[in-house]
Structure formats: structure tokens, C-alpha cells
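Shown next, in C-alpha cells, is the structure this report addresses.
The values are calculated or read from the model by the stated rules, or taken from the named source; none is laboratory data. No experiment lies behind these values; they were computed from the predicted model shown. Because the Cβ atoms are built from the backbone with ideal geometry, glycine has one as well, and the counts that use them run over all protein chains shown.
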Ligand SMILES: [Zn+2]
């Protein structure tokens with residue numbers, strides 16, 4: 001009797017197990033099509049919105065996100081990043097950084113409010129994201145990477161908010177006046193710590209971000225800065241683009257403690273598709289890439305846009321040889337970080353970011369056009385549609401809403 005029962009159970013279970021590869025891919029496509037997908041970190045060069053980076057015309061190389069590729073890959077929303085690299089901490093340095101930041105804010109507004117407003121719109125709230133998505137347009141949001149442009153003037157945060165900034169990372173590579181970085185600047189001979197976490201100004205910044213309704217972003221912060229931001233923030237915080245040290249102990253990745261501190265705020269950690277952070281890269285590869293950067297006078301991927309065509313072609317050729325010799329990590333390694341973070345902190349604490357145009361991009365997800373592959377890998381690992389929707393944007397929107405609600409309460413209090 002028992003064996004008959006077991007056989008019956010096995011028969012009943014059979015159809016689910018027997019999903020063919022083609023059926024699984026079709027199911028993943030259906031899930032992907034129904035899911036609102038948000039990539040929380042896409043860099044833009046200073047010439048964004050010009051002919052050199054036209055959102056409708058994928059250029060000859062380089063830039064990884066365009067409106068046609070977003071359509072092709074089913075990527076619905078992207079945080080476009082106002083990033084300024086850390087420089088000299090002087091009146092001149094702050095002024096230059098602020099001016100560079102304003103250029104990027106203006107470029108995003110030009111593209112989303114004017115040039116391609118019929119195809120893409122800037123969202124200021126989670127409700128905006130849902131409304132624009134429903135309208136069939138692509139969604140742009142603005143994140144700020146590195147607090148350097150505000151110098152020592154916290155009042156500038158109000159202006160950043162008005163310009164649409166909805167997350168703010170206090171620090172990038174190299175310490176600044178606000179916080180210690182996960183990666184001290186070796187060229188400046190920086191010590192491991194300058195403030196031992198956040199400076200007094202950096203702490204005030206957390207409070208002001210809470211009051212304004214801008215999400216606090218811990219990516220690029222030192223482990224101590226991360227914990228301090230989580231402790232001080234009265235609203236949920238995010239890691240806009242980081243991996244987890246539990247899978248690979250890179251300085252840019254979150255410790256278990258950091259990840260759980262984010263969870264405690266009700267926040268979310270967006271796992272990053274960045275080759276170097278996903279698993280150990282051969283040191284020879286890193287050295288050869290640095291040498292290539294030096295040879296072409298580059299300090300960040302955005303600088304590629306400045307190269308003349310023949311130099312760019314030569315750079316590309318050398319880079320593809322390097323990639324062949326040492327292949328990049330792939331979507332599987334990215335989802336290993338997602339799996340770990342989900343197991344450690346739960347499904348409500350995890351999301352995804354590409355870091356496209358900023359060094360991000362992996363085998364299988366190297367442009368917006370390939371976004372489906374990320375969903376496919378999650379379906380293969382057994383994630384349900386509901387879980388995938390949370391990871392692809394549901395969690396981030398929940399955090400955005402809580403941050404908005406907190407700011408609304410603060411504004412009422414201070415009226
Ligand atoms: Zn970054």
C-alpha cells in the first residue's frame with residue numbers, strides 16, 4: 001500500500017519536475033515581462049545627453065544603457081548617477097566638484113524632461129516610479145555617489161533634493177570630509193581610517209538626508225561608517241551597489257554585520273554585477289588593466305568617451321584580449337551573492353544593481369539588453385515570481401516609501 005501511495009505521490013510530483021529547459025525559459029520570460037525591474041546604479045559620463053552619449057543611439061562602444069537596450073532587455077527603471085570622483089579638499093576642489101555634479105544633474109534633466117520625455121520620465125517618488133512604469137515609459141531616478149561636491153556646506157543637500165536626488169552616498173574611493181571610505185586612496189597615502197567612521201558633519205548629513213527624504217547609501221563606505229549610518233538613520237538605508245563579504249571578502253562588499261544592520265533599519269542591499277567584487281580576480285589581470293588605463297590616460301570608465309576613435313579601437317582590442325585570457329564572472333556568481341544575502345538577511349533585504357558605465361558588467365549581463373538573464377538565473381535557482389519582484393525593485397520601492405513617509409512626518413513636526 002505504502003509503495004503504491006509513494007508511486008502516486010511521485011506521479012503527481014512528476015509534471016513539476018519535468019519542466020523542460022524551453023518551458024523554464026518561457027516561464028522566466030513571462031515572469032520577467034510582468035516584473036518591474038529597477039537597476040539602482042548606472043553611471044553617466046559628463047557628456048551624457050550629447051551626441052557622444054545619446055540614449056536612443058547605442059554608440060560604437062562602451063556605454064551599456066540606452067533606451068532601446070532597456071526595451072530589449074526588459075529593464076524598466078534605472079538610477080542614473082551624479083558621481084564626482086574624490087579630489088582635493090580645498091575651496092577650489094569643492095567648487096569644481098559642485099560644478100561637475102550640477103552638469104550631471106542638468107544632463108539627466110535634459111534627457112528625461114526634454115529630449116526623450118516621450119520615452120523616459122524622471123521619478124521623484126515611489127508612486128512616480130509605478131505610474132511611469134504603467135504608462136509604458138522608462139523610469140529614470142537620480143542617485144548621488146560621493147558627498148564630496150557638497151564640500152562642507154550641508155545646505156546643498158536641499159538643492160540636491162530639489163534637483164531629484166533620491167539617494168546619497170557620503171563617500172567614494174578615498175576618505176572625505178564626511179566619512180571613511182572602504183578603499184582609502186593609496187596615491188594620497190591615506191591611512192585605513194581618518195574619522196573612525198563618520199565625521200561630525202557626516203553624522204549631520206545622515207540626519208538631514210532623513211529629514212529631506214533622500215535614502216542614505218552605504219556603498220563605498222568603510223565597514224565602520226556603514227554601521228554608524230545604520231545606527232544613526234531614523235529611516236531605512238540602502239547599499240546601492242555592493243556585494244557580500246560572506247561570498248568574497250573584497251573591501252567594497254558588506255560584512256554580515258553590515259548586511260544585518262541594513263536589514264534592522266528595514267533597508268535593502270543591492271548586489272552588484274562587478275567582476276572584481278564577485279570573486280577573486282587574477283592579480284595579473286588587475287595589473288594589466290591598470291597598465292592599460294595608464295597607457296590611455298584614463299581614471300574611470302567614463303573617460304573612454306574622451307578618446308579619439310583610433311585610440312578607442314586600439315583600447316577595445318587590447319581589452320578584449322584581456323577578457324579572453326581571464327574571463328569575467330557571470331550571472332551565476334552574481335546570484336551567488338544574492339543567495340547568500342537572502343539566506344542571511346531575508347528576501348526583503350536584497351536587490352540588484354549593475355554599476356554599468358562605472359566598471360560593472362559581467363558575462364551574461366553586460367548591458368541593459370541582457371537583463372533577462374538575471375531573472376532566468378533566479379528562476380533556475382527556484383525563486384518564486386513574488387520573490388523575484390521583491391529583489392528586482394519591490395524592496396527598493398518599499399524603502400523609498402518609508403523614507404518618504406519619515407520625511408513627511410519630519411516636515412509636519414517642523415512646521
Ligand atoms: Zn561605485
**Answer from 243, 197 - the residue that is within 16 Å of the ligand (Cβ to nearest atom) and either in the same structural domain as residue 43 (by TED's automatic domain parsing) or over 19 Å from residue 348 (Cβ atoms) (or both)** = 243
**Request:** Keeping to region 335-359, report how many residues are assigned to a helix (DSSP H, G or I) and either more than 14 Å from the chain's Cα centre (by Cα) or within 16 Å of the ligand (Cβ to nearest atom) (or both).
**Result:** 13
**Request:** Determine whether region 95-106 contains at least one residue that is farther than 30 Å from residue 174 by Cα and surrounded by 22 or more Cβ atoms within 10 Å (Cβ to Cβ).
**Result:** no
**Message:** Condition check: surrounded by 14 or more Cβ atoms within 10 Å (Cβ to Cβ) and out of contact with any helix residue (DSSP H, G or I) (no Cβ under 8 Å at 6 or more places or on another chain). Does residue 32 satisfy that?
**Reply:** no
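Mind listing whichever residues of region 185-202 are surrounded by fewer than 19 Cβ atoms within 10 Å (Cβ to Cβ) and not in a loop (DSSP other than H, G, I, E, B)?
Answer for region 185-202, where residues must be surrounded by fewer than 19 Cβ atoms within 10 Å (Cβ to Cβ) and not in a loop (DSSP other than H, G, I, E, B): just 200.
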**Fill in**
Residue pairs within 6 Å by beta carbon, gap of at least six or interchain, first lying in region 117-146 and in the same structural domain as residue 220 (by TED's automatic domain parsing) and free of Cβ contacts under 8 Å to residues at least 60 places away in the same chain, second crowded, with 16+ Cβ neighbours inside 10 Å and part of a strand (DSSP E or B), listed first then second, are 122/140; 123/139; 123/141; 132/121; 132/139; 137/120; 137/121
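Here's the yes/no breakdown for (1) modelled with pLDDT under 85; (2) assigned by TED's automatic domain parsing to the domain that holds residue 63; (3) in contact with a strand residue (DSSP E or B) (Cβ under 9 Å, 6 or more places away or on another chain); (4) in a helix (DSSP H, G or I):
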{"residue": "11", "(1), (2), (3), (4)": "yes, no, no, yes"}
{"residue": "16", "(1), (2), (3), (4)": "yes, no, no, yes"}
{"residue": "19", "(1), (2), (3), (4)": "no, no, no, no"}
{"residue": "23", "(1), (2), (3), (4)": "no, no, no, yes"}
{"residue": "27", "(1), (2), (3), (4)": "no, no, no, yes"}
{"residue": "39", "(1), (2), (3), (4)": "no, yes, yes, no"}
**Asked** Mind checking which pairs have a first residue in region 74-85 that is closer than 15 Å to residue 110 by Cα and a second that is assigned to a loop (DSSP other than H, G, I, E, B) and more than 16 Å from the ligand (Cβ to nearest atom), Cβ under 9 Å, 6 or more apart or different chains?
**Response** 82/163
**Prompt:** Of the residues that make up region 272-279, is at least one more than 16 Å from the ligand (Cβ to nearest atom) and in contact (Cβ under 8 Å) with a residue 12 or more places away in the chain?
**Reply:** yes
**Message:** Going residue by residue through region 259-271, is there one that turns out to be part of a loop (DSSP other than H, G, I, E, B), touching a residue at least 24 places away in the same chain (Cβ under 8 Å) and either surrounded by fewer than 24 Cβ atoms within 10 Å (Cβ to Cβ) or away from the ligand (no atom under 16 Å from the Cβ) (or both)?
**Reply:** yes
**Item:** All helices (runs of 4 or more DSSP H) inside region 58-163 with 3 or more residues being more than 26 Å from residue 408 (Cα to Cα) and out of contact with any helix residue (DSSP H, G or I) (no Cβ under 7 Å at 6 or more places or on another chain)
**Value:** 67-73, 91-109
